[in-house]
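Okay, structure first, notes after.
The values are calculated or read from the model by the stated rules, or taken from the named source; none is laboratory data. If you're wondering where the values come from, they're calculated on a predicted model, not measured in any experiment. Because the Cβ atoms are built from the backbone with ideal geometry, glycine has one as well, and the counts that use them run over all protein chains shown. Ligands, DNA and RNA are excluded from the accessible area calculation, which covers all protein heavy atoms including side chains. Shrake-Rupley method; radii C 1.70, N 1.55, O 1.52, S 1.80 Å.
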Amino acid sequence: MLGKKDPRQETSRVARFFSHALPFVAFTFGTWLSLRGTHTREIIRPESHPNIVDLTNPASPDLGESLEQTSVPWPRLNPTARIDRAWLLADGPERRDGAPGVVTLTFDDGPFPETTPYVLKSLKKYDMHATFFLIGKYLAGSDDRCVKSRETARQILAEGHLIGNHSYDHARLGGLEEADALDEIDRSARAITKTLGSAPRLFRPPYGSLTPSLEEALAARNQELVLWNIEVGDMTRDDPDRMFEELRAQIIYNKGGIVLLHDIRWSSVLAFKKLAEWLDSHRFDRDHPERGGYDVVDLGEYLRRTAMDPPKASGRAELERARAEAFKANDEKKRHRAAEVVLPLVPQDDSVASPASEGASLFGHEVGHVVGHEG
Ligand SMILES: [Zn+2]
């Protein structure tokens, strides 16, 4: 008997072992599980980002308003969101001889999964950063296209570009009932917030259309109103080469500015590809300021430079008069110099310094009409 172990004792020893080991096993397994879980949390994915909401699930909570208003990395030059001031500020910093022209790039009416990535490609190729003003309804649905559009919006952000709100359905806000116009602004802001996890702080009204009470509403929402001054009506055109030439001429005439294009049209994608290449080859070289040229900056930097050297003009009309006079004077100076110098036989290239003929003929008087057309 002594030798033989009591099976009941044996079972109780095994049972005791397990009763002691089990919690340990459970703990280890649990930790492994949670560690595995934690690891996934490090990779930012929509499904794991606290503020990004799965819009394919209609029951998703509405959190637009609940998000804290974060501070913005640019000076607030127009905290009252006045449209006349926004037109003035669109022109950027005061022009100085020997200083770079400052250009910032903006794209409206997207995102379009078919075309927007090609604009992003050109931007990446020339190391430029832009601002995209998005249409909320493209982000708000649960169909495949909306899913793809949300992915495109996240790609825009991931590649270091800024995102702004361009209303929910591209309505002419100034022509709507106040409540409908506010709904256009807020629904779009919510769709962008749910897609990106952060609320937009830049707003561009379609067609540049607002009312004084909508200005107040945008100011109350801490929105920076962003308009433009370089635009060629690309929404209704299919001539990328000509559009590029006109964009170039306007940039030369204005010596910089806020470029507006639409990343939802192939002809605009192609026109931008040419413009990005041209801007890249005409960057301002601080070792050779006499060559002129441009700094292509993002909107935050554009606003910072404008704050550092604000335009002297009190309004858009005064600014355009001053611009036309400066251009004419500059043009005459060049013609004068040209008359003095024996012109070489070979044709000149269209370097920054001398767009005289093209600029003057196209834009001496037209610029005023362009602004306010469409956006
Ligand atoms: Zn638009």
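Quick one: in region 81-108, which of the residues that are within 16 Å of the ligand (Cβ to nearest atom) and open to solvent by less than 10 Å² (accessible area, probe 1.4 Å) is farthest from SER281 (Cα to Cα)?
Per the stated criteria, the residue is ALA86.
Could you pull out the residue among ILE185, ILE156 that is in the same structural domain as PRO73 (by TED's automatic domain parsing), aliphatic (A, V, I, L, M) and farther than 19 Å from PHE112 by Cβ?
Just a single option satisfies the conditions, and that option is ILE185.
For region 104-125, give me the residue count where each residue is closer than 23 Å to TYR253 by Cα and touching an Asp or Glu at 6+ places or on another chain (Cβ under 7 Å).
Total meeting the criteria: 2.
Under the condition of being within 14 Å of the ligand (Cβ to nearest atom) and acidic (Asp, Glu), which residue from region 169-218 is surrounded by the fewest Cβ atoms within 10 Å (Cβ to Cβ)?
Filtering region 169-218 for residues that are within 14 Å of the ligand (Cβ to nearest atom) and acidic (Asp, Glu), the one surrounded by the fewest Cβ atoms within 10 Å (Cβ to Cβ) comes out as ASP169.
From SER268, SER281, grab the single residue that is modelled with pLDDT of 95 or more and touching an Asp or Glu at 6+ places or on another chain (Cβ under 7 Å).
That would be SER268, the only listed residue that is modelled with pLDDT of 95 or more and touching an Asp or Glu at 6+ places or on another chain (Cβ under 7 Å).
Is it fair to say LEU227 is surrounded by 18 or more Cβ atoms within 10 Å (Cβ to Cβ), assigned to a strand (DSSP E or B) and within 16 Å of the ligand (Cβ to nearest atom)?
Criteria not met by LEU227.
Looking only at region 126-138, which residues are among the hydroxyl-bearing types (Ser, Thr, Tyr), within 16 Å of the ligand (Cβ to nearest atom) and touching an Asp or Glu at 6+ places or on another chain (Cβ under 8 Å)?
Residue satisfying the conditions is THR131 alone.
I need a count of the residues in region 131-161 that are under 12 Å from GLY110 (Cα atoms) and crowded, with 20+ Cβ neighbours inside 10 Å.
13
How about region 310-327: which of its residues are without any contact (Cβ under 8 Å) to a residue 60 or more places away in the chain, surrounded by 16 or more Cβ atoms within 10 Å (Cβ to Cβ) and under 27 Å from the mean Cα position of the chain (by Cα)?
The one that is without any contact (Cβ under 8 Å) to a residue 60 or more places away in the chain, surrounded by 16 or more Cβ atoms within 10 Å (Cβ to Cβ) and under 27 Å from the mean Cα position of the chain (by Cα): GLU320.
Just to verify a result, which residue in region 230-245, among those that are within 23 Å of the chain's Cα centre (by Cα) and farther than 17 Å from ALA276 by Cβ, is nearest to the ligand (Cβ to nearest atom)?
Only one residue tops the list, namely MET235.
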